[in-house]
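What follows is a single structure, written as structure tokens, with notes after it.
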Amino acid sequence: MRFVEPIRDIKKVTQIKNNLRGANKIRDLLLFELGINSALRISDLLRVQVKDLFDEKGNINDFFDIIEEKTSKTNRITVTPKVQETLKQYREMYSYVIKKPELYIFFHSKRSPKWEVHIDRKQAWKMIHQWCIDVWLKWNFWGHTLRKTWGYQARLNAIPLEIIQHKLNHSSLAVTQKYLWITADEVDAACKKLDL
């Protein structure tokens, strides 16, 4: 099993968003933004359908519930303000997609029937890896990077580990602590910052 990195530098998150927005890749931008804001595993993220994010009138939902494939647990996903802004662009660009609640948000553009098949995990991994390479992140950035980025950034923003554990649907706090991979550099920086 390969070690997957979170995106630690928030400036890199902004760069990836700007690159995707500048290339008018709104579907991909939404995949990135919803991924880093929902903390869903990539397999669950790819299964998100129109009905999860939009109501029957095309209005954006404030949240949706998803049953996680791996754990069979229900996870409530908050649609954050930044994701809502991108959803407005998605609604404008793909107005024909949001009219059918059963279609996948992250549709595969080269498979038939179009919009009825979602991007597969391998394609998503390649996309995420390329986005990271494009902003000079050269290590182990793959599908799980989006979920790990949420956990890492939540910890940096002083979100209690118990809340992070709950959001990630981990079975124990020990699993969450192992998952977040606190590095030696972070411990060193914390010691220097505290410097009693």
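In nm, give the distance between the simple-model label positions of Ala184 and Lys51, each being 7 Å from the Cα along the Cα-to-Cβ direction.
5.2 nm
Express in Å², to the nearest 10, the accessible area of Tyr90 obtained by rolling a 1.4 Å probe over the protein heavy atoms while all chains stay in place.
0 Å²
In the structure shown, do any of Lys57/Lys88; Lys12/Lys110; Lys138/Lys178; Lys12/Lys138; Lys12/Lys148 have a Cα-Cα gap over 18 Å, and if so which?
Lys12/Lys110; Lys138/Lys178
Need the full-extension length gain, Arg8 to Ile159, defined as separation in residues times 0.36 nm minus the C-alpha distance. One decimal, nm.
Fully extending the segment from Arg8 to Ile159 adds 52.8 nm.
With every protein chain present, what is the per residue accessible area of region 1-99 (1.4 Å probe, Å²)?
On a per-residue basis, region 1-99 sits at 52 Å².
What part of the accessible area of the chain, given as a whole %, is carbon or sulfur when the probe is 1.4 angstrom?
Here it works out to 54 percent.
Which FRET efficiency value, to the nearest 0.05, do you get for Leu173 and His108 by plugging their Cβ-Cβ distance into 1/(1 + (r/R0)^6) with R0 = 45 Å?
Plugging the Cβ-Cβ distance into 1/(1 + (r/R0)^6) gives 0.75.
The values are calculated or read from the model by the stated rules, or taken from the named source; none is laboratory data. Please read all numbers here as calculations on a predicted model, not as lab measurements. Neighbour counts run over all protein chains shown; Cβ positions are idealised from the backbone, glycine included. Remember, those area values only see protein heavy atoms, side chains included, never the ligands or the DNA or RNA. Shrake-Rupley method; radii C 1.70, N 1.55, O 1.52, S 1.80 Å.
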